[in-house]
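Enquirer: Starting off with a structure, shown below.
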Amino acid sequence: MATEFSHEANQSPATAERRAEILANPGFGDYFSDHMVTIDWEGDYKTGGTWYDARVHPYGPLTLDPASAVFHYGQEIFEGVKGYRHADGSVWTFRPEKNAERFANSAHRLSLPELPAELFVESLRELVKADEAWVPTGDGEAFYFRPFMIATEAYLGVRPAKHVQYHVIGSPAGNYFGTPEPVDIWLSTTYARAGEGGTGAAKCGGNYAASMIAQIEGEKHGCKQVIFKDPHRGDAIEELGGMNVFFIFGKENKIVTPELTGTILEGVTRSSLIQLAKDRGMTVEERAITLTEWREGVANGDITEIFACGTAAVVAPIGKLKAEDFEIPAPTEHFGEISKSLREELVGIQTGVVEDRHGWMTRLI
């Protein structure tokens, strides 16, 4: 049975003029639509519980007890999903069932209740129905959904919370990195993003908080992003702070990305690009790639393009790799031909101008 959502209209929404001003230059994560979704859960993590009181209501501050478990033990997870305006005015989203699956896996790892996949997708639909006017129409723009789950029980004992809230907020989004030209990245040798047996495969705030100190370090060296090493495999690299990484070996028509080991986030964009590369007849390898292979591959011309990927950025070309005592030059000074083509195909599918051969798109309204 479908969940019924109650609706409370925002009595003080943004004016049409203010919304138009925002949509003219939305940025990323700077502005939020007029409404949000909330669903409550109560129960016991071991024996089960119930989701109830699904509602769409005005966007605004949350009222939480200072003893809420989320503030003390980090019981929190989130997702990132985009809604795309198609030429006929409809709004679609990309592989939401994969986000729902990852959200459930993250919940399991953080001892939070799993939200049913159909309720996850319906929550996106309910929000965009209320705030359709906030979905931008510009090239490369989208409506960014941020679903998140927090432990709200006021209890200082260390155990899974018995009261939890699920929320979805929305934000009009422009291009994450602006003009897609190669971005220099910093190699973190002091800090690790995640450890074996830890939460690296979960999309939880602690992973991102832990990466920020390395991000600051990278910015001091003129880099916009940071890449982390695998702490257990010598000079093998893993991923960026919030994105997966790919290496293109142009002469061999091959694409390589670090394999999923439990310390790397299983990106929806990552898996989609792997499929698109296979569709083109490219060899795809999911395996360890070392700094030595990176350095030598760029030097001898085997590695012709490098890019990062994620929901927010889609595909972002990587330029130089900088470290404390060495630097690896960019394989190309511009957006590589294959990287750019993969990005255009993926964005084309998302925006409805390229055939969706894999049935990845879901219509919201």
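All of the numbers you see were taken from the coordinates with simple rules; none came from a lab. Please read all numbers here as calculations on a predicted model, not as lab measurements. Counting neighbours? That spans all protein chains shown, and the Cβs are built from the backbone with ideal geometry, glycine included.
Enquirer: Taking loop as defined by DSSP and a crowding limit of 11 other beta carbons within 10 Å, which trypsin sites (Lys or Arg not before Pro) in region 328-358 fit?
Expert: Qualifying residues, ordered by number: R357.
Enquirer: Here are a few candidate values for Rg/Rh (Cα atoms, Kirkwood Rh): (i) 0.94; (ii) 0.97; (iii) 1.12. Which one was actually calculated from the structure I just gave you?
Expert: (ii)
Enquirer: Once you order the gyration tensor axes a ≥ b ≥ c over the Cα atoms, which shape class does region 6-173 get: rounded for a/c under 1.5, otherwise prolate or oblate by comparing a/b with b/c? Each step should come with its number before you reach the end.
Expert: On the way: a/c = 2.20, a/b = 1.73, b/c = 1.27.
Prolate, since a/c reaches 1.5 and a/b exceeds b/c.
Enquirer: Right, another one. Considering the convex hull of the alpha carbon atoms of region 183-351, report its projected area averaged over all viewing directions, in nm², one decimal.
Expert: That works out to 9.2 nm².
Enquirer: Ok, one more. Report, in listed order, any pair from K98/K229; K129/K162; K98/K320 with a Cα-Cα distance greater than 29 Å.
Expert: Values: K98/K229 26 Å; K129/K162 31 Å; K98/K320 32 Å.
The answer is K129/K162; K98/K320.
Enquirer: With each pseudo-label sitting 7 Å past Cα toward Cβ, what's the E252-V353 distance in nm, one decimal?
Expert: 3.4 nm
Enquirer: Restricting to Cα pairs below 8 Å that are 6+ residues apart, what does the relative contact order work out to for region 1-59? Please round to a whole percent.
Expert: Numbers: 69 pairs, mean separation 27.9, N = 59.
So the answer I get is 47 percent.
Enquirer: If you don't mind, there's one more thing I want to ask. What relative contact order, as a whole-number percentage, does the chain give when Cα pairs under 8 Å and 6 or more residues apart are counted?
Expert: Working: 760 pairs, mean separation 66.1, N = 365.
Relative contact order, the chain: 18 percent.
Enquirer: Next question, about the same structure. How much length, in nm to one decimal, is gained on full extension between K129 and D40, taken as 0.36 nm per residue of separation minus their Cα-Cα distance?
Expert: Values: separation 89, 0.36 × 89 = 32.04 nm, distance 2.06 nm.
Here the segment from K129 to D40 would lengthen by 30.0 nm.
Enquirer: Just want to confirm a number: the relative contact order over region 183-351, from Cα pairs under 8 angstrom separated by 6+ residues, in percent.
Expert: Value for region 183-351: 23 percent.
Enquirer: Loop only by DSSP, 14 or fewer other Cβ within 10 Å of the Cβ. Give me the GluC sites (Glu not before Pro) in region 258-346 that pass, ordered by residue number.
Expert: Details: sites: E259, E266, E285, E286, E293, E296, E305, E324, E327, E333, E337, E344, E345; in loops: E259, E266, E324, E333.
Here the sparse-neighbourhood loop sites are E259, E324, E333.
Enquirer: Helix-only mean residue ellipticity at 222 nm, the chain, DSSP H runs n ≥ 4 weighted -39,500 (n - 2.57), per residue, nearest 500. What is it? Intermediate results must be reported in sequence, preceding the final value.
Expert: Working: 8 runs with 95 residues, N = 365.
Counting only the DSSP helices, I get -8000 deg cm²/dmol.
Enquirer: If you don't mind, another one. Go through region 318-324 residue by residue and turn each phi into a ³J(HN,Hα) via Karplus (6.51, -1.76, 1.60, θ = phi - 60°); whole Hz please, and just put x for glycine and proline.
Expert: 9, x, 6, 10, 10, 9, 4
Enquirer: Length gain on complete extension for the stretch E4 to H72, per 0.36 nm per residue less the alpha carbon to alpha carbon distance? Mind showing how you got there, number by number?
Expert: Values: separation 68, 0.36 × 68 = 24.48 nm, distance 3.26 nm.
Length difference between fully extended and current span is 21.2 nm.
Enquirer: Ok, one more. Local charge sum around W294 (other residues, Cβ-Cβ under 11 Å, Lys/Arg +1, Asp/Glu -1)? Walk me through the intermediate numbers first.
Expert: Working: positive: R295; negative: D235, E293, E296, D302.
Once positives and negatives cancel, what remains is -3.
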